[in-house]
Every structure is written in C-alpha cells, then in structure tokens.
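The values are calculated or read from the model by the stated rules, or taken from the named source; none is laboratory data. Predicted model only: the values in this text are computed from it and were never measured. Reconstructed Cβ throughout: ideal geometry from the backbone, glycine too, with neighbour counts over all protein chains shown. Areas reflect the complete protein model, heavy atoms only, side chains present, ligands, DNA and RNA absent. Shrake-Rupley method; radii C 1.70, N 1.55, O 1.52, S 1.80 Å.
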Amino acid sequence: MTPARSPKAGPSRDRYVLKRVADWLARFRRDGVWMQRLALLAAFVTLVAVLTEYPGGNDETAVRNAIETEEIATQEWQAAFAFETVDLQATREAREEAADRVPPVYIVDEERVENRLRSLRERINALRDERSALEQAIREALLASTSEQSAEEVVSRAVHDFAEDLSERRSLFQDLDSPALLVPWLKPRTDTLPARVFAENGGEAPRETERLDGPEPGAMEFAHLPELAPVAREGLEHVLTAGVLSSGTRESLAETRDTAAQIHIVRGEGSPDLPRSGQEALSAVPTVSEAAVLLRERLEDEIGDRQETEEDSGDTGIEPARLAAAAAAVARQDLRDTLVHDPVTTANHRETARNAVDPVMKPIRRLEIMQEQGRPWTEQSRSDVRAYLERKHANTQPSGATWGALAAHMIFAGLALAAIYRTLPIVTGRRDDPQTFLYLALIVLCGILIAGWVIGFLAPSGFAVPAMAGAVLLAILTNTRLAAITSLVAVVMLSIQYNYDWRLLVVMGAMALTGVLSVHKVRRRSEMAAAGTKATAAGLGVMLAIILATEPPFIEMAPQKLALLGLNGLACMLIIPGLLPPLERMFGVTTDIQLLEYSDLNNELLSRLAMEAPATYSHSLMLGQLAEAAASAVGANGLQTRVAAYYHDIGKMRRPEYFTENQTGVNIHDALAPRLSAQAIAAHVTDGAALAEEHHLPAPLVDAIREHHGTTLIGCFYQRALAQHKPEEVSEDDYRYPGPKPQSRETAILMICDGVESGVRSIKRPDEQCIREFVNKLVDARAADGQFDECDLTLRDLDVIKQVLSKRVLTHYHHRAEYPELPGLAEQPPNVIPMAGGTEQ
C-alpha cells in the first residue's frame, strides 16, 4: 500500500496541518482524554513542586519565620549587594492618590424606574377610563346647546369643565399646575362625535338642539391621548434611565469633590440610545427640578418631529408646544431621583486603580544596614530584608543533589498518579463517572500535599495535616475503594514530603483508612462526626503505641504530639461538612445527604405542589413509598428514587386543572382537540425539568423528571384521535412524551411505580388477582414498548419489582370489614348524623 503523501509546502500544506491539528483536538475533546491528561499534568507539576526543596531550604525557612515573628531583631541585616526594594509609604501614597481620582459609582435603580413608569401608566389608564363619562358629558353639552353656539365651542367648554372636575375628583391629578393641562389629553376626535339636529321653530334664532345624529354612544375616541401616552412614557423613561440625582446628594458630592468632579453612572437596558456605563460631569447630571426641564424639552422635540413626519397629523387646533406641556405635566408627577450609590463597585474600581499603580522603588546600597540588631522590626525593614532574601535566593543555583531529589520526586509523583489512574477502572462501577472520580481523587491528593507543605511552616512534625478529611470526603463523593487507595497514596507522599517519616505514614494511614471504612453510607451529618471521632481515636492509639515502642514513655514531646493529633481530628470534623457542599455542586455529585435535604416536605417546591396541586402531591408521596421499596428490593438507590418521586410531577403546577386528579367535576379536555390535550399533558415533563433547573435541583432529580414517562404513548387521547380522524391522519409521535427513555434503574423503577400507582385507582374493586394482573400487564407493556432498553434493569429485576409492587399496592387498597346496622338506631335525635355501617359508598 502506498503511504498517503502530504501536500507540498505552501498555503495548502498549512491548511492540511491545521486540519489535522483540529481533528486531533476534536477527537480528544470528544473522548474527554485531553481533559484527563491536562488534569494529570497539573497534578504532576503540583506534587513535584510541593515535594521538592532547594539547598538551604530548611535554614531559609527558619530565617523567614524568624523575620515574620520577631518583634525585636536578634541580628543585624546588612546588604551584601545593591538592589532595589519597594518603598511602602511612597507606594501607598501613590496608590491612594490614584484611588482618589476614581469617581464614585452610581447605578440607575431599575426597580425605581419601573415603579415610576407603572405610576405613569396608571395615570394614563385613569384618563382612558374616563372616556365614557367624558363622552356622556359632551353629549349632554351638545344637547343643551343652541344654534348660536358652535359645536367646537361647546365641546371645548365641556372638555375643560370635565378636566376641572377630574382634577378635583381624582387624586392622581390633584398636583397638576392647572386642570387645563388635561384638556389636550381629553380632547376628542371631532369625527367620532355626533352632529346636532336643531328643532324647526319657524326660522327664529336661536334654535334648540332636538337630537344628536351620527356615531352611537361609545364611539368617541381621544384625539391626542394615543399619541401623548407613548411619547410621555418614552420621555420619562429616557430621563429616569439617564440618571437623576437628588438635590442633597449633588450638594454633598459638590462639597467633597472639586468643581470638575465626575461620577460613574451604570445603566440597565431600559434606553438603547444611552451608554450602559460611563463617566459624566457632576454638573451635567440633573436633579429632579432640572430633569423636569429636560423632560419638557425632549417632549417638545419628539412631538414636533412626529407631527412633521406624519402626513395626517389629525389637526385639532392644539399647538405642539401645548401638547408637549400637557404630556410633561402628567409625566412630571413621576419624576424621582433614580441614581443610587454603589459602594461595593466603587471600592472595587478604586482597588483596581490602586493595583494598577506600579510599586515605587527605592535603592538599597551595598553594605547599607537594613535592620539594626536589638531594634524593633518595622514594616519597611521587614519588606527590605524579605526582598533581599528573595534576590539572594534567585542568585543561588541548584546543586547536583537538588537535581537528584527533583528527579526522585518526579518518579514518586508519576508512580502515585499512575497507581490512581490505572486503578480507576477497577474500582468504579458501571454507573459511575470515571472522569469525575479521577478529578476528585486528584484534588484530594494534591490538597493533602499542599496542606502538608503549608502546615510544615507551622508544625514541622506533619501530624497536623488533615489527611483524614480528604479521605472521608472522597469516600462520600465517590466510593470506599477509590478513597482507600487514594488516601494510602496520599499518606505515602506525605511521609516523603516530611523527610520519609515512617511514623507519619503509619499514623496518617490508620486515621485515613478508619475514616474511609466508617462512612460506607452517610445519610446524616452526625455520621461524619462519628467517622472523624473513630479515625481520631485510631490515630491516637497508633501514636501511643509508637511512642511506647520506640521512645521513652515520659518524654516532653509525647503530650504535644497527642494533642496535635487530637486537634487534627477536630479540624477534620469541621473541614468535612464545610467542603462537602461546594464539592457536590462543583462536580455535580449527588450524595445521600443532599437527597435527604431535598426530601424535606417543607421544601419550597413541595410546599407549592401541596397548595397548588394537592392531589398530585398526595400521589407523589404515595409513589415515593412504592418506588423506594421497589428500588431497595433490586439493589438500586431507594432514597434517590423516593426523592425523585416527590418531585417528578412538579411540572403539573403550571396547569394543574389539565390533570384528572386535580379536576373538580369539569374536564377541560372535553373542549380540546386530542392533539392539544396530549401536548398539554406531555408539557408537564418539560415544565417540570425547567422548574427543577430553575431551583437548582440535583441532576438525578432533573433526569428523573425528564425520564419518568420516557417516550410512552398518551393512550386515551391517541385513541380519541383515531376515533375522530382517519388512521393515516394521526401520527403516533404527536401523542408520545418527549423522553428520553429512562437511563438508570432508578428512573425506570419510577416510571413503573408511577403507572401502577395512578392506574390501579381505575380498578373498581381491587383484589389480589386484579392488582397482580394489572402490574404484570403494565410492566410487560413498558418493556415491549422499549422503555427499558437504555437502562440496566434485568428480567429478574422486573420480576422482583412486580412482586414488591403487587404486595405493596394490595396492602394499601385492602378491603375493610363490613359492619351491620345496629338495631334500634333507626330513630336518632335531631343532633345526631346517621352513618351507614361498613358499607362502601
């Protein structure tokens, strides 16, 4: 076979290379291998870094500790070479000066803007609501007029009188400067008003109006209100969104800052013609009174532009300036200050400005004394000596022994990671996520070693390192096998980090293994504390045995080591519950503890379900008991199945009346087409998943909501559609749930139990034979429909589930004994309610 030849050099070859690289990256990204390799590489670098020490590291560490902890210098520090160091005072002053130049941040309160716009809408709607009353007043005025009065004059006077009455009658308009400002709002269109028909009186004047001819009552329309309403709203929204300061705020800012002071304004998305964020001069930001002038000017421009561009302006004799004054008068009532100081963002901006200033350096000459012996340390002298040691350390070249130690640590780190990586497929189950388990194991391993590196500066013995906390956390989040192996690898590396201390290896190993073996299944926080107590007791016992075997029993260090180990155990009991929730959320791991928290019936979603769909809530509780029993019988996670049952139908809260159990006599589906009914029923799956994600439910619960119906057929509406249409006109896919099919045994069991619990209610007189036949028929139908093809349920599991459900359902729907009527109770006192004895009604 002739090997493939690569393209010649040039643009085509460059495209060929890029395509090969892209294909390679896509393949590794798709398989997840590249992420694992990056994680392993990061862990390798971390382990080598925390294990490796450079020459003089221990001495230098002691010197640094002395510098940081001493109050009085025990030796003189003289520079052996010239260098530069940070001038702390000058740097602090420069950074504070830069921070002072940063203007304060004010944000536009969108809620306040919305409230003001809502108030304006209420005013405008109040004007609209007066249309019928205004029309009645105009008609009455026209009927009362004579031929000597023009219709325009009569209407104008009626509108003006109505405006005066409205301003007195409605509190929304009592603050207007003049009731005449309401006239343009209330002005009617003349073509929607009736014409007067005058009585015949022999040609004498004036003639009285006999009747009105033209549009019937209710046909009147406003002339300018439809135009003024959006203009007033847009103008008010623009001014409020641009930002309005209270008078007191601007005065206080003017006093504290110079005349050229600026403020930083952050706006929302309310007005697209305004920048989202920017600095503006303080004098350019209006107060409420100044904003009223800006509002009037903007409305004049807007109304003038509109009347110029519109061909039919609906001329009613009102000038644009008067229209603008009317719009401004109504909108001005809702002008308020909208800028609110944001101290957090202001502080962040100023901190950013401080950090952007480079440190001010000062020279240290050769042989200059940085700190005198016997004198107190100052912040500047500590900084000078610290910089001197860093410069000295940077000039020191590693020796051959250090390179050998570095190579040894690289080998140790590589073997440790290889042990975890190669063991991972053996210790993970079919439903476990190996990639997540790998990341958690690497985090625990690196976390223990980093903690050992940090704690080594404070407690050189290493017995304060919380290795047991990492082991217990890994056991809860993954499984005991991976936790045991990872913790053993971690304590081996920890002993290497502390100069190959075998005592540390034995004690930390005993604590880690005891903690792992004590948390096989954790459902209460107290069980974590119990595991920590057992692990601490094991560590103390092993430590005591080592002291008795290798050291004199009454040396001074023995009580300190035991106390340090006890404090280590106490710290682990605090670390484990503190780190468990963030790790659960970070890696999407759902533990039994988290499930128990969501099983609380006082949860917000469950409380809403009980109030909005009580029958569905009752069904979910009953289903939870059935599902837990069935799942536990086949070795699945019964707790997860029960909690999933509680939440599986939360999507019904959106339209509870569409479901039979929540209906009270009227079936809404009688008025709907079968396809629409099927879509409404199937929507509770997607609605429930969306609601679960909105409330951040764990992934297994969200999956259960999506999968608990799989892709099953909504049979009743499908049959109804077949009865109403030709078979070829009905698509079965339109009457199936969206899916997907159950991906785990827990959701498959939930599907079976859901169908059994709801379907058995349709059996009129349930007995053992009827219930068993119903359960067998339902499970077989689901299996024949392929609903279990993508999960791990076996035929044996299905048989066990059938038996458990039949027994549980039969127990729940058992018959009660019938009690005969007692003789002599036919006639009862009037205050006694007769009851039938034992007969089912």
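For the range 90-201, which fully contained helices (runs of 4 or more DSSP H) count at least 3 residues that are out of contact with any Phe, Trp or Tyr (no Cβ under 8 Å at 6 or more places or on another chain) and small (Gly, Ala, Ser)?
Numbers: elements: 110-129, 131-144, 151-169, 183-186.
The qualifying helices (runs of 4 or more DSSP H) are 131-144, 151-169.
Filter the range 697-719 down to residues that are in contact with a Lys or Arg (Cβ under 6 Å, 6 or more places away or on another chain) and not polar (S, T, N, Q) and give me whichever is modelled with the lowest pLDDT.
So in the range 697-719, the residues in contact with a Lys or Arg (Cβ under 6 Å, 6 or more places away or on another chain) come out as 710-711, 713.
With the extra rule that they be not polar (S, T, N, Q), the set shrinks to 710, 713.
On the way: Gly710: 89, Leu713: 85.
My answer is Leu713.
Within the range 779-796, the presence of at least one residue that is of a type in the set (Gly, Ala, Ser) and either touching a His at 6+ places or on another chain (Cβ under 8 Å) or open to solvent by less than 20 Å² (accessible area, probe 1.4 Å) (or both) is confirmed.
Contact map, the range 409-422: first residue under 19 Å from Tyr500 (Cα atoms), second residue open to solvent by less than 80 Å² (accessible area, probe 1.4 Å) and among the hydroxyl-bearing types (Ser, Thr, Tyr), Cβ cut-off under 6 Å, separation 6 or more or different chains; pairs are His409/Thr52. Scanning the range 90-102 for residues that are out of contact with any strand residue (DSSP E or B) (no Cβ under 9 Å at 6 or more places or on another chain), surrounded by fewer than 14 Cβ atoms within 10 Å (Cβ to Cβ), modelled with pLDDT under 85 and not hydroxyl-bearing (Ser, Thr, Tyr) turns up nothing. Residues of the range 370-391 that are exposed (fewer than 15 other Cβ atoms within 10 Å of the Cβ) and not in a helix (DSSP H, G or I): Glu372, Gln373, Gly374, Arg375, Pro376, Thr378. Against the numbered list (1) of a type outside the set (Gly, Ala, Ser); (2) closer than 30 Å to Leu389 by Cα; (3) open to solvent by 20 Å² or more (accessible area, probe 1.4 Å), Thr85 comes up short only at (3). Just wondering, is there one or more residues in the range 540-554 that are in a helix (DSSP H, G or I), closer than 30 Å to Leu639 by Cβ and either open to solvent by 60 Å² or more (accessible area, probe 1.4 Å) or aliphatic (A, V, I, L, M) (or both)? No, there is no match, as no residue in the range 540-554 is in a helix (DSSP H, G or I), closer than 30 Å to Leu639 by Cβ and either open to solvent by 60 Å² or more (accessible area, probe 1.4 Å) or aliphatic (A, V, I, L, M) (or both). Checked against (1) under 22 Å from Thr428 (Cα atoms); (2) out of contact with any Phe, Trp or Tyr (no Cβ under 8 Å at 6 or more places or on another chain); (3) not small (Gly, Ala, Ser), Phe587 passes all but a single condition, namely (2).
Just so you know, in the range 276-289 the residues that are surrounded by fewer than 16 Cβ atoms within 10 Å (Cβ to Cβ) and not hydrophobic (A, V, I, L, M, F, W, C) include one that is farthest from Val102 (Cα to Cα), and it is Ser289.
For the range 662-676, which positions are open to solvent by less than 60 Å² (accessible area, probe 1.4 Å) and either charged (D, E, K, R) or assigned to a loop (DSSP other than H, G, I, E, B) (or both)?
Taking the range 662-676 as the starting set, the residues that turn out to be open to solvent by less than 60 Å² (accessible area, probe 1.4 Å) are 662-663, 667-669, 672-674.
Answer for the range 662-676, where residues must be open to solvent by less than 60 Å² (accessible area, probe 1.4 Å) and either charged (D, E, K, R) or assigned to a loop (DSSP other than H, G, I, E, B) (or both): Gln663, Asn667, Leu672, Ala673.
Summed over the range 639-656, residues that are open to solvent by 10 Å² or more (accessible area, probe 1.4 Å), touching a Gly at 6+ places or on another chain (Cβ under 8 Å) and farther than 17 Å from Gly710 by Cα total 2.
Which residues, counting only those in the range 532-544, are in contact (Cβ under 8 Å) with a residue 40 or more places away in the chain and touching a Ser or Thr at 6+ places or on another chain (Cβ under 6 Å)? Listed by number, the list holds a single entry, Ala535.
Just to be sure before I move on: is Gln149 more than 27 Å from Leu245 (Cα to Cα), open to solvent by 70 Å² or more (accessible area, probe 1.4 Å) and within 49 Å of the chain's Cα centre (by Cα) in the structure I sent?
Numbers: more than 27 Å from Leu245 (Cα to Cα): yes; open to solvent by 70 Å² or more (accessible area, probe 1.4 Å): yes; within 49 Å of the chain's Cα centre (by Cα): no.
Here the answer is no, as Gln149 does not meet what is asked.
In the range 466-494, how many residues are among the hydroxyl-bearing types (Ser, Thr, Tyr) and modelled with pLDDT of 90 or more? Of the residues in that region, 2 qualify.
Scanning the range 588-609 for residues that are touching a Ser or Thr at 6+ places or on another chain (Cβ under 9 Å) and open to solvent by less than 30 Å² (accessible area, probe 1.4 Å) yields a total of 3.
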